[in-house]
Amino acid sequence: MKLNIVIASFLLLTIFACKEDKKVIKQTQVTFTKEGYLTIHKITSDSTSVSLDIEIADTDFDIQTGLMYRNSMEKNQGMLFVFEDESERYFYMKNTKIPLDIIYVNNGKTIVSFQKNTKPFDETSLPSNAPAKYVLEINAGLVDSWNLKVGDSLSF
């Protein structure tokens, strides 16, 4: 009788120990939420400017998440990261599906550098190479298309 209990216990333990525990993680669709309006002012001559609807990342969660998990973004949209201080910034493309241009902006709202045509999902560090308080992410290729330059400024 004891042998039957031991065998039955062993079989039950084996069955439950080998059970695959499949966890399904549902990912919700993240959509753009317009939280403001931003204009890029050209320093060169003709007062040409570019206007964007922006989503603002100013909390720890928003800054860490950024544009991760999004499938697309319209040409007239961007995400503006707002930091409390001005210092060198390092961004990366972890979990980011959209190729981006990253624009680093100082405390005076002047563009100090770019990281253009970033690669989706790439975890390589993308430094500002200058102190920045703001970072603007837009679709890849727009910095060149709009002919943006270091020294151009933002208002929002």
Identity of the residue in the stretch 114-146, in a helix (DSSP H, G or I) and in contact (Cβ under 8 Å) with a residue 12 or more places away in the chain, that ends up surrounded by the most Cβ atoms within 10 Å (Cβ to Cβ):
V143
Residues (surrounded by fewer than 16 Cβ atoms within 10 Å (Cβ to Cβ) and not charged (D, E, K, R)) located in the stretch 66-91
M68, Y69, N71, S72, N76, V82, F83, S87, Y90
Please determine whether any residue of the stretch 92-102 is touching a residue at least 24 places away in the same chain (Cβ under 8 Å), more than 14 Å from the chain's Cα centre (by Cα), surrounded by fewer than 22 Cβ atoms within 10 Å (Cβ to Cβ) and within 24 Å of S51 (Cα to Cα).
no
Just give me the residues in the stretch 50-72 being among the aromatic types (F, W, Y) and closer than 12 Å to F32 by Cα, in sequence order.
Y69
I'm told V150 meets every condition in (1) open to solvent by 80 Å² or more (accessible area, probe 1.4 Å); (2) over 17 Å from Q64 (Cβ atoms); (3) in contact with an Asp or Glu (Cβ under 8 Å, 6 or more places away or on another chain) except one. Can you identify the failing condition by its number?
(3)
For E74, indicate whether it is out of contact with any His (no Cβ under 8 Å at 6 or more places or on another chain), part of a loop (DSSP other than H, G, I, E, B), of a type in the set (D, E) and at pLDDT 95 or above.
yes
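The values are calculated or read from the model by the stated rules, or taken from the named source; none is laboratory data. Everything numeric in this text was worked out from a predicted model, so none of it was measured. FYI the Cβ positions are ideal-geometry reconstructions off the backbone, even for glycines, and counts take in every protein chain you see. Side chains included, ligands, DNA and RNA excluded: accessible areas come from the protein's heavy atoms. Shrake-Rupley method; radii C 1.70, N 1.55, O 1.52, S 1.80 Å.
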